[in-house]
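Asker: I have a structure here, written as C-alpha cells, and I will follow up with some questions on it.
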Amino acid sequence: MVGACACCATGAVDSLRFVASAEPIAAAPARPIHLQLDAAARAIESKMISWRREIHQNPELGNKETHTSALVARHLHALGYEVREQVAVTGVVGVLTGQPGPVVALRADMDALPVAEPEGLPFASSARDTWGGEEVGVMHACGHDCHTAVLMAAAEVLAAHRNQIRGTIKLLFQPAEENLPGGEIGGARRMIAEGAFADPKPDAVFGLHVISALPTGASAIGPAAPWRVPTSSAS
C-alpha cells in the first residue's frame, strides 16, 4: 500500500528511522489534568471504535467525504465547538476556546483510497466510485478512518475539560490527503488557502498516523520533515 497511499509514501515511512532508534520513555503526568484526560480517553474507547467502523464501512474518495464530514460536524456542534464546514470542499474546522494560552491545532485526514476491500470483516467496505474515469472499489486502506475517529474522540475529551485547558484547541478534519486524479485540487494546501489557519492562527499543529511497523499499543513522536513536503496539491 505504500505506493498507493501518499502519506505512507513520504514522511510517515521515513520517520521510522527516527522511531527505530527511540528508547521507550516512562514519565509521570506533569499535571493532575493529564490523569483526568487519560481516564477520559479510556472511557471513550468503545465509542471511538464504533465511529471508526462506521467510517470504514462508508469510505469516500478525496473531495467527496460528505458522509464523513457530516458525521464530524454534527459531533463537534453537539460538543459546543465553533464549527466551519465546507473548507476545501468537504473539510471541517472546529475551535474550542479554553483558558488564556496558545492555539494548538490537531489534524486528521478523512479520505479513502481507490482500492477494493476483501470480504470478511462485518464492517468491510463494499463502496464503489469513479476514479480517473474508471469504476473502482473504495476502501480505507491507509488508516484515515482511524485518524478521524481518534480526533473525534479527542474532541469530546477536550470539550469535557475545556475549563481546565490552557489555550485554544483547533481541530482540522482534512479532505483529499491522497493525490487526486486529473489535476483536481484538494488537501492541506487548499484548506490553508481557504482560511483553515486563520482566526485563530495555530502556534503549533500536531497530526498522527497509524502504522503497522510499531507494536500494538506503542506510540512514537518525531518532527515534521519540511524537506519532504509533496509538490502535489494534496498533502
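Asker: Would you mind putting 75-81, 214-220 in packing order, based on average other-beta-carbon counts within 10 Å, highest first?
Answerer: Answer by packing, highest mean first, reads 75-81, 214-220.
Asker: Quick check: residue separation of Glu134 and Asp199 times 0.36 nm, minus the Cα distance between them. What number comes out in nm?
Answerer: 19.4 nm
Asker: OK, next. Beta carbons within 10 angstrom, averaged per residue: use that to sort the peptides 97-106, 48-57, 83-92, highest first.
Answerer: So the order, starting with the most tightly packed, is 83-92, 48-57, 97-106.
Asker: Here's another thing I want to ask about it. At 7 Å along Cα-to-Cβ for each site, give me the label-to-label distance between Ala78 and Ser50 in nm.
Answerer: 0.9
Asker: I've got another one for you. Placing +1 on the Cβ of each Lys and Arg and -1 on the Cβ of each Asp and Glu in segment 43-224, which of Val138, Asn58, Gly167 has its Cα farthest towards the positive end of the resulting dipole?
Answerer: Gly167
Asker: Moving on to the next point. So how much slack lies between Arg31 and Glu85, counting 0.36 nm per residue of separation and subtracting their Cα-Cα distance, in nm?
Answerer: 16.0 nm
Asker: Specify which residue in the list Ala127, Val157, Pro181 is farthest towards the positive end of the charge dipole of segment 111-199, using unit charges on the beta carbon of Lys, Arg (+1) and Asp, Glu (-1), about the Cα centre.
Answerer: Comparing the listed Cα positions along the dipole, Val157 ranks first.
Asker: If you rank Arg162, Arg190 by fewest surrounding Cβ atoms within 10 Å, what's the result?
Answerer: Arranged by neighbour count, lowest to highest, Arg162, Arg190 become Arg162, Arg190.
Values in this text are rule-based calculations from the coordinates and carry no lab data. Computed from a predicted model, the values in this text were never measured in an experiment. As a convention, Cβ positions derive from the backbone with ideal geometry for all residues, glycine included, and neighbour counts pool all protein chains shown.
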